[in-house]
Amino acid sequence: MTSKKTKLPFGERVKREWNRNAIVYIFLIPVLIHFVVFQVYPFLLSFYLTFMDWKVIGDPEFVGLKHWQYFLTDKLAWKALWNTVMFSVYYILPTMALGLILALIINSGVKSARFFKGVFFLPVVTSFVIIAGIWGWLFRGTDAGLINYIISFVGIEPQLFLSNSSQALAVLAGLSIFKVGGSTMIYYFAGLQSIDKQLYEAARIDGASAMEIFWKVTFPLLRPIHFYVAITTTIGSFQIFDSAYLLTGGGPNYATTTIVYYLYEQGFTGLNLSYAAVLSYVLFAIILVISLIQRKYLGQESKHY
């Protein structure tokens, strides 16, 4: 024998749900309001602005796809994109490699591991402005720069570094690697700690060398960490702004003008917020596509047990 449940009116169901989970909704509603006001609304407003012409002062004017079409012919925007891609090339793999090497050092049982961990992590907790100032002094393009002073001992002429179009972007990437390497180390160190020690013992019993253990046990089992670090460093590289703003101002000759720095100039210097919104959506699309590709090839679970 089956009984058919009577469907309660909508108001009664809402009241019953509220009585059952009121405490949950009391804590959830402020979070949802914050999310809508500071995430959803700006996202929708910026998309609306891409079809408008608005210079902050005055009423916005509908221009359709004008700004999107201008982006396709804007050589400076494409140069900024190319600079950002090259910055990612200089930045992502060296950052991952440095973080892994530092993690291996402090995980190897070396004496004073906590001290080294603090030293390696120090740039992460130091103000970026201070580190950028030190970096600018190190790579000063005169004889007074420390790097020029050091390379003079091996007969190399003083380099311009931040004033050289072919060197400036790599120097900025070095600054970001130095700043972020410590946090990457922490991720890899956590991954190393999670690997079952019995796997290492089994590999040693089978006669595997230290390098074989690293490449056939450690490195593959760190795949989730590789994926996470690759995603975060990629996003960070495409959002690079502060180093170019502090050290080069996008120069020389736009050599360090990244897409976010160009977006900043368009939006806050030129007050062309509509075109800046277009650039932000282009950046969003690029990061989304790259993240999906990385997820496809790095985000799979390890099957090495």
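For the chain, what is the accessible area per residue in Å² when the probe is 1.4 Å?
Here the per-residue accessible area is 63 Å².
Using label points projected 7 Å from each Cα along Cα→Cβ, tell me how many nm separate VAL129 and SER108, to one decimal.
The modelled label-to-label distance comes out at 3.9 nm.
Could you tell me what percent of the accessible area of the chain is made up of carbon and sulfur, with a 1.4 Å probe and every protein chain present?
68 percent
Full-extension gain between LYS7 and ILE151, please, as 0.36 nm times their residue separation minus the C-alpha to C-alpha distance.
Contour length minus Cα-Cα distance gives 43.7 nm.
For the chain, what mean projected area does the convex hull of the alpha carbons give, in nm²?
It is 28.7 nm².
Can you give the helix-only mean residue ellipticity at 222 nm for the chain, where every DSSP H stretch with n ≥ 4 adds -39500 (n - 2.57) and the sum goes over all residues, rounded to the nearest 500 deg cm²/dmol? Present the calculation step by step, with values, prior to reporting the outcome.
Values: 13 runs with 194 residues, N = 305.
Taking each H run of at least 4 residues, the total per residue is -21000 deg cm²/dmol.
Segment 28-61 to segment 117-157: how many Å between their Cα centroids?
Using only Cα atoms, the two centres lie 41 Å from each other.
Extending each Cα 7 Å along its Cβ direction at TYR25 and LEU199, get the distance between those two points in nm, one decimal.
Between TYR25 and LEU199, the label points sit 4.7 nm apart.
Who wins for biggest fluctuation among ILE177, ILE186, ILE240 in a Gaussian network model of the chain, springs between alpha carbons below 10 Å?
ILE186
Select from PRO123, PRO252, PRO30 the residue whose mean-square fluctuation is largest in a Gaussian network model of the chain (Cα-Cα springs shorter than 10 Å).
Maximum fluctuation in the GNM of the chain, among the listed residues, is at PRO30.
Which shape class, rounded, prolate or oblate, goes with segment 31-95 when its Cα gyration tensor gives a ≥ b ≥ c as root eigenvalues, a/c under 1.5 marks rounded, and past that a/b bigger than b/c marks prolate?
It comes out oblate by the Cα gyration axes.
Given Cβ point charges of +1 (Lys, Arg) and -1 (Asp, Glu) and nothing else, what value in debye, to the nearest 20, does the dipole of the chain about its Cα centre take?
1340 debye
Compare LEU162, LEU45, LEU283 in a GNM of the chain, Cα atoms joined below 10 Å, and give the one with the largest fluctuation.
Looking only at LEU162, LEU45, LEU283, the biggest GNM fluctuation is shown by LEU45.
Want the number for VAL282 to PHE241: 0.36 nm per residue separation, take away the alpha-carbon distance, what's left?
13.2 nm is the gain from fully extending VAL282 to PHE241.
Output the Cα-based Rg and Dmax of segment 217-301 in Å, rounding Rg to one decimal and Dmax to a whole number.
16.2, 54
The values are calculated or read from the model by the stated rules, or taken from the named source; none is laboratory data. Here the structure is a predicted model, which is why all the values come from computation and not from measurement. For neighbour counting, all protein chains shown are included, and Cβ atoms are generated from backbone atoms with ideal geometry for every residue, glycine included. Calculation scope for accessible area: heavy atoms of the full protein, side chains included, ligands and nucleic acids excluded. Shrake-Rupley method; radii C 1.70, N 1.55, O 1.52, S 1.80 Å.
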